[in-house]
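Below is one structure, written out as C-alpha cells; comments come after it.
The values are calculated or read from the model by the stated rules, or taken from the named source; none is laboratory data. Bear in mind the structure is a predicted one, so any value in this text is a computation, not a measurement. Every residue, glycine among them, receives a Cβ derived from its backbone with ideal geometry; neighbour counts consider all protein chains shown.
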Amino acid sequence: MSAPTTLEREGPVSSTGGETGGARGVGSARRRPPGLAVLLLALLVVAVVTSIALGSKAIPLGDLLQVLTGDGDGMADRGIVEARVARTVVGVLVGAGLAVAGAAMQGLTRNPLADPGLLGVNAGAGLAVVVAISVFGVGSLSGYVWWAMAGAGLAAVLVHALAGLARGGVMPLRLTLAGAAVSAGLASWSSGVLVSSRQSFDSFRFWQVGTIGGRGLDLVVTVLPFFAVGLVVVLLAVRRLNALALGDDLARSLGENVVLARAAVALGVAVLCGASTALAGPIGFLGLVVPHVARFVVGPDHRRIVPVCLVAGPTLLLAADTVGRLVAQPSEVQAGIMTAVIGVPFFVVLVRRGRMASL
Amino acid sequence: MNADVLTPSGAVADPRAVAAEESDDLARVVRARRRPARRVHLVIAALAVAALAAVLVRVLLGDYVVALTDLLLILRGETPPDAPGASFIVMEAKLPRALLGLLAGLAFGAAGAMFQTTLRNPLASPDIIGISLGASAAAVIALTLLDAQGLWLPAAALLGAVAVSLLMYAVGRGTTLAGQRMVLVGIGVAALLSSVIQFVMTRTSIQDAQAALVWLTGSLARATWPVIGLLSAAVLVLAPLLAVCARWMRLAELGDELSTTLGAPAGRARLGLVVAVALAAVATSATGPIAFVAFLAGPIARRLCGGRPSLWAAALVGAVVVVLSDFAGDYLIPAVNLPVGVVTGALGAPLMLAVVVTADRAGKA
C-alpha cells in the first residue's frame, strides 16, 4: 500500500499500474491528494466568477458584489447580472450532471466509448422535442423541458427492458448494443420527420445545439429535483461501480448485488442525463471526455473519478460558455460547440502523452 | 494418404490397417471442424443471392415496373419496343441507385465488421470513431458555405475522412496501444466535428441546412455514374486486401499479444484497420454516412453464421440492408421520399434489437 501512495503524491502523471493495485484494495481508506482538490475547486470558482463578470459587457467586480449582496437596486447592470447568474447555475448543473453521468456510464458498460446518451436518453429527448414541435406546435423552452424529460425517461426504460429480455438478464454488452440500437432508431425517426418538414427543422436546429443561455431561474428550479436525485443515486452507487468494473462474477463473489447495483447506476445516469439534455439541449463532448481526463489524472478508482468529474465538468462548461460569449460579440457561440472546440486539442495531447488508464 | 506409400513395407505390422484407423479419426475431426465453416459458406452464398435479388427488386419494381426481359435489352444497349421510356428511367435513375446502394452497403458492412473485430469493441463503427464525421463536416461545409456541386462534394467528404484518419494514425503511431489511442482520439474528434456541423447548421439558411441534413442522414439520391465508377474501382482495389486481412480476423479478436504468439503476422490487424478506414471513407463520401449499417451488419452476420465473425457475410448483409431500405424509403409511405439512412436506422434498429434479445450467450450478441 505504501508504494502507490508515494507515486500518487507525484501528481497527475502517477502510474496507473500502481494505482490499479492500490485503488481496488478492499476497504482501504485512501486519502486524496489535497493539492488536486484545491486546484480543481479554485478553477471552478474562477470559472463561476468570470462567467458572471465577463461577456459582451464586462462588469467590474465591485459592481458585481454590490448587485449580488442586494445593494445595487438601481443599477443598470442588474438585469445582466441576473441573467448571467441563471446561466451560470445552469452551467454548473448541466456540467456536473453530464460529467458524472458519463463517468458512471463508462463504468457501468465497461466501455470507454460509452457516452451518457448511450442509454437512448439523448435520442429519446430529441425525438420527443421533434414530436412536440411538429405535432403539438410547442415552441417555448419550458414546453420542451417536459417533453425532453419524458422522452429521455421512456427511452432509458425501453433500453433497459429490452436488454433485460434476453436470457441471463442485463449485461454490459447487451446494454451497450441495445442502447446504441434504440438511439439510432429514435434518431432516425427524428430525421425522418425533420427531412420532410422544413418548419419543424427550423425550430429544432436551434434546440439541437446545446446552450446554457436564455434559461430563466424558474426553469432551473423545476428541473433541480431531478439533478438532486440523480446525483445522490450515482454518488451512493460509486463504490459499487468499482466492484462492477471487476466483472460480474468477481463482483458477485465480493458480495455485490450486481443486478441492483447496475439498475441503480443506470437510473442515476438516465435522470442526470435526461435533466441536462432537457435543460440545455444535447451537449455531446462533455460527458464523453471529462471522465477520460479524470481517469488520466486520478486512476481507475470511481470513488475519485466521480468527484473530479463533479468539479471539472462545470468548470469546462462554464469556461467554454464564457469564451463562446467573448469570441463572437455581440452574438455568441453556443456552449455545446465551444466545449468541444476547447476540449479536443487538450484531450488529444493528453491521449498522446499520458498513459492509458484502461477501464 | 501418400504416407503409407512412402513407409517402407514391413516397418509397421500392418501399415494399411493403422493408416485406415488414423484416417478414420482424422476424417471425423475434419468433418467436425468443417461443419461451422460450411455453415458460413452457405450463409455467404445465400446472402449473395439475396443481394442480387434486392438489386433486381430495386430496379424492376416500384412506381414504374420494368420487365426482366426489357432490363436485359436495356443493358445490351437496345431500346425495348413496348416501353421506349424505360431505358432512360433504368439507366439514369433506378440502376445507379441500386448499384450505389450495393457498393456502399458492401463497404459499410465490411468496414464496420473489421473495426468491431480488430478493436474488439461493438461500438467501434466508423460512425462513432470519427471517420464518417470527418467526411460529414467537410461535406456540410462544402455544401453550405462553398456551394459545392457534382464531384466536388464527394471529393470534399473524402478529404475530411482522410484528414481525420491521418490525425488518428499520427496519435496512435508507435505504441502498442495504437488501437486504443486511435479510438479515444476518434471519439473526441467526432464530438468536435458534430459540434462544428451543428454550428454551421444554425448559421446557414434553412434550405441549405435541410440539404445538409439529407446528406448527413445518408442518401442515394445523388447517384451518378462517375461516382459509381470511382466507388467500384475503390472497392475492387480494397476487396483483395480485405480478403487477406479477413483470414486473420479470428486471431485478431484474441488481442495483439496472443494473436502474434499464435503466428499471425504482426501488423496484419493494423493493415485491416487501414483498409477498413479507406472503405468507410470512400463509401461515406459517395452516399453520406448511412446510419447504422456499419454498426449492425457485423453482429447480424455473426448471428447468421452461428457466432463466427465473417467479413464477407457482414459486407453482404450491409448491401442487402441498404438496397432494400432505399426501396422501402421511396415507396413505403406514398408521396414521401425518405433518405435511405432514415430507413436503415428506423427499421434496422428493431432488427438489431431482435439480435440482442435472442442472443443465447453473453458476448455472442
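Could you say which residue among B:S132, B:S125, B:S136 is of a type in the set (S, T, Y) and not in a helix (DSSP H, G or I)? Let's see the steps before the verdict.
On the way: B:S132 fails: not in a helix (DSSP H, G or I); B:S136 fails: not in a helix (DSSP H, G or I).
Only one candidate qualifies: B:S125.
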| said: Exactly one condition in (1) within 14 Å of chain B (Cβ to nearest Cβ); (2) part of a helix (DSSP H, G or I); (3) over 20 Å from A:L93 (Cα atoms) is false for A:G324; which is it? | reply: (3)
| Given (1) among the small types (G, A, S); (2) closer than 22 Å to A:T88 by Cβ; (3) in contact with a Leu (Cβ under 7 Å, 6 or more places away or on another chain), where does A:A280 come up short, assuming only one miss? | (3)
| query | Within the bounds of segment B:270-285, is there any residue that is more than 28 Å from B:L60 (Cβ to Cβ), at pLDDT 85 or above and assigned to a loop (DSSP other than H, G, I, E, B)? | reply | no
| request: Kindly list the number of the only condition in (1) of a type outside the set (S, T, N, Q); (2) outside any helix (DSSP H, G or I); (3) more than 17 Å from the chain's Cα centre (by Cα); (4) more than 13 Å from chain A (Cβ to nearest Cβ) that fails for B:P309. | output: (3)
| Are any of the residues in segment A:211-232 under 22 Å from A:L127 (Cβ atoms), among the aliphatic types (A, V, I, L, M), within 14 Å of chain B (Cβ to nearest Cβ) and surrounded by fewer than 21 Cβ atoms within 10 Å (Cβ to Cβ)? | no
| query | Within the set of pairs 6+ apart or on separate chains, which have a first residue in segment B:331-357 that is more than 23 Å from B:D63 (Cα to Cα), a second that is among the basic types (K, R), and C-beta atoms under 8 Å apart? | reply | B:V355/B:R303; B:V356/A:R174
| field | Answer from A:I342, A:I305 - the residue that is surrounded by fewer than 24 Cβ atoms within 10 Å (Cβ to Cβ) and assigned to a helix (DSSP H, G or I) | value | A:I342
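Considering only segment A:186-210, state which residues are of a type outside the set (A, V, I, L, M), at the interface with chain B (Cβ under 7 Å from one of its Cβ atoms) and closer than 22 Å to A:I283 by Cβ.
A:S188, A:W189, A:S191, A:F201, A:D202, A:R205, A:F206, A:Q208
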| Residues within segment B:17-40 that are surrounded by 13 or more Cβ atoms within 10 Å (Cβ to Cβ) and either among the basic types (K, R) or under 30 Å from B:L220 (Cβ atoms) (or both), tallied | 2
| task | Taking the residues in segment B:205-241 that are small (G, A, S) and assigned to a helix (DSSP H, G or I) as candidates, determine which candidate is farthest from the other protein chains (Cβ to nearest Cβ). | result | B:A233
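Regarding B:V317, is this residue within 14 Å of chain A (Cβ to nearest Cβ), within 21 Å of B:L279 (Cβ to Cβ), modelled with pLDDT of 90 or more and out of contact with any His (no Cβ under 9 Å at 6 or more places or on another chain)? Talk me through it step by step, then tell me what you get.
Details: within 14 Å of chain A (Cβ to nearest Cβ): no; within 21 Å of B:L279 (Cβ to Cβ): yes; modelled with pLDDT of 90 or more: yes; out of contact with any His (no Cβ under 9 Å at 6 or more places or on another chain): yes.
The answer is no for B:V317.
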| request: Could you run through segment B:278-331 and say how many residues are surrounded by fewer than 24 Cβ atoms within 10 Å (Cβ to Cβ) and hydroxyl-bearing (S, T, Y)? | output: 1
| Any residue at all in segment A:186-198 that is farther than 30 Å from A:V221 by Cα, modelled with pLDDT under 80 and outside any helix (DSSP H, G or I)? | no
| Is there a residue being more than 16 Å from A:Q208 (Cβ to Cβ), at pLDDT 80 or above, more than 7 Å from chain A (Cβ to nearest Cβ) and in a helix (DSSP H, G or I) anywhere in segment B:173-189? | no
